[in-house]
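Structure, as structure tokens:
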Amino acid sequence: NFKLIVTQVLPARGQEAVDTALKADLVILNTAVAGKWLDPVLKDHVPEVLPKILWWIHEMRGHYFKLEYVKHLPFVAGAMIDSHITAEYWKNRASDRLKIQMPQTYVVHLGNSKELMEVAEDNVARRVLREHVRESLGVRNDDLLFAIINSVSRGKGQDLFLQAFYQSLQLIQQQKLKVPTMHAVVVGSDMNAQTKFETQLRDFVVKNAIHDRVHFVNKTLAVAPYLAAIDVLVQNSQARGECFGRITIEAMAFKLPVLGTAAGGTTEIVLDGTTGLLHPAGKDGVAPLAENIARLASDAELRVSMGKKGYDRVKERFMEHHMAERIAAVLKEVLQKSRQRSRP
């Protein structure tokens with residue numbers, strides 16, 4: 001048996017950090033770039049600490065695959081990664097590109113917090129949040145909202161989402177489908193940064209005269225109000241997708257169908273055709289996403305059915321206690337291994 005008790009927060013650098021790492025039974029490095037901490041801080045003590053490190057990796061973007069970040073990976077007690085696809089990707093890229101081998105690797109899917117689930121399962125709270133957010137956006141209660149909730153960047157695919165949304169409006173008009181008034185919501189905006197990418201997004205909206213249908217919301221950590229207010233989540237992360245994508249399971253907790261890219265951890269969360277619909281990443285995914293938007297817009301029963309099945313899937317495997325149980329099992333195994341390796 002063991003207990004994990006957090007009693008102190010220390011600066012990452014300095015002798016106190018070194019002493020703490022040397023005395024600890026287990027050291028958890030959280031994110032791939034934490035590897036940059038080892039050499040400059042631990043210095044000569046790196047070999048002593050490596051056998052008791054569990055390295056928790058959440059990334060799968062190419063720029064994280066630098067030897068200066070992860071050269072110590074083969075010598076740690078274990079690695080923990082948020083999805084099977086990402087774990088396989090790290091194994092292959094580490095071997096092929098960096099010529100190093102991954103340590104024993106454990107996959108731990110994330111889980112929804114108790115606080116989020118309480119809001120998601122409270123009908124009154126959801127209704128109040130829905131009304132408040134929709135009023136702030138200037139949309140009616142029976143309008144249909146498709147939202148992408150992520151930091152605004154090309155890798156998250158907001159540009160391709162807006163292209164698909166525009167195409168879906170054209171499809172609906174061409175096919176004379178009867179659907180509620182549709183809106184696209186982009187949560188994660190930051191015009192203060194004045195990035196070229198966000199300017200392009202807003203120019204696209206104006207150029208195609210859909211400014212009354214598209215709403216930009218500043219980035220926020222409070223996603224529950226928007227999940228309560230929308231009807232469909234779009235998870236449009238590009239290239240290799242998300243390592244896991246916590247927002248996806250959070251949306252499913254709110255009984256929302258998910259339109260996601262068939263990439264990364266999303267494929268381990270969303271059951272295509274059951275809890276949502278998947279489309280290819282990249283430009284090839286724009287037309288299929290547009291078709292999926294139109295399909296869900298015109299089929300209220302399908303939206304409800306997928307949302308209910310998504311909620312059931314969350315309750316079955318993506319709750320906080322599921323995650324805690326998985327992490328506990330990994331910690332127990334890695335701790336035993338690190339103690340064996342640390343013995344003289």
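A few comments on the model shown:
- Selection of trypsin sites (Lys or Arg not before Pro), the range 1-101, meeting DSSP coil and at most 15 other Cβ within 10 Å: LYS3, ARG13, ARG61, LYS66, LYS71, ARG97, LYS99
- Net charge of neighbours whose Cβ lies under 14 Å from the Cβ of GLU118, counting Lys and Arg as +1 and Asp and Glu as -1: -2
- Accessible surface of PHE254, taken over heavy atoms with a 1.4 Å probe and every protein chain present, rounds to 10 Å².
- Distance from the alpha carbon centroid of the range 149-182 to that of the range 200-266 works out to 11 angstrom.
- For the chain, the spread of Cα positions along the three principal axes, ordered from largest to smallest, is 75, 40, 35 Å.
- Extension gain from GLU325 to THR181, taking 0.36 nm per residue of separation minus the Cα-Cα distance: 47.5 nm
- Student exercise, the range 167-296 dipole from Lys, Arg, Asp, Glu Cβ charges, in Debye to nearest 20: 260
- Comparing GLN101, GLN200, GLN175 in a Gaussian network model of the chain, where Cα atoms under 10 Å apart are tied by springs, the biggest mean-square fluctuation is seen for GLN175.
- Taking one quarter of the surface of the convex hull spanned by the alpha-carbon atoms of the range 261-344 gives a direction-averaged projected area of 7.8 nm².
- Spatial separation of Cα centroids for the range 88-131 and the range 24-54, in angstrom: 23
- GNM flexibility winner over the chain from ALA300, ALA281, ALA193 (Cα, springs under 10 Å): ALA193
- Candidate aspartates and glutamates for bridging to LYS315, where Cα separation is under 17 Å - those fewer than 8 sequence places away on the same chain excluded: GLU115, GLU118, GLU121, ASP122, GLU250, GLU268, GLU325
- Of all accessible heavy-atom area on the chain, the percent that carbon and sulfur account for (1.4 Å): 50
- Helices in the chain, meaning DSSP H runs of at least 4 residues, each add -39500 (n - 2.57). Divided by all residues, the mean residue ellipticity at 222 nm is -13500 deg cm²/dmol.
- Counting Lys and Arg as +1 and Asp and Glu as -1 over every other residue whose Cβ lies under 15 Å from the Cβ of LYS66, the net charge comes to +2.
- Net charge dipole size for the range 1-117 [Lys, Arg +1 and Asp, Glu -1 on Cβ; Debye, nearest 20]: 220
- Comparing ILE247, ILE28, ILE85 in a Gaussian network model of the chain (Cα springs below 10 Å), the most mobile by mean-square fluctuation is ILE28.
- Cα gyration tensor, the range 114-195 - rounded (a/c under 1.5), prolate or oblate: oblate
- Among PRO225, ASN236, VAL187 the positive-end extreme of the charge dipole of the range 183-285 (Cβ point charges): VAL187
- Remark: the LYS91-PHE75 segment gains 4.3 nm on full extension, using 0.36 nm per residue and subtracting the alpha carbon distance.
- With R₀ set to 56 Å, the beta-carbon distance separating ASN208 from GLN340 gives a calculated FRET efficiency near 0.35.
- 1.4 Å probe accessible area per residue over the chain, in Å²: 50
- Nonlocal Lys pairs with alpha-carbon distance under 22 Å, the range 1-117 (8 or more apart, or different chains): 21
- If the segment from LYS99 to LEU221 were pulled out straight at 0.36 nm per residue, it would be longer than the present Cα-Cα gap by 40.1 nm.
- Modelled this way, with points 7 Å down the Cα-to-C-beta line, the labels at VAL124 and VAL304 are 2.4 nm from one another.
- Rounded to 5, the percent of DSSP beta bridges in the chain classed as antiparallel: 0
The values are calculated or read from the model by the stated rules, or taken from the named source; none is laboratory data. Treat the numbers as computed from the prediction; the structure is a model and nothing was measured. Every residue, glycine among them, receives a Cβ derived from its backbone with ideal geometry; neighbour counts consider all protein chains shown. Only protein heavy atoms, including side chains, enter the accessible area calculation; ligands, DNA and RNA are left aside. Shrake-Rupley method; radii C 1.70, N 1.55, O 1.52, S 1.80 Å.
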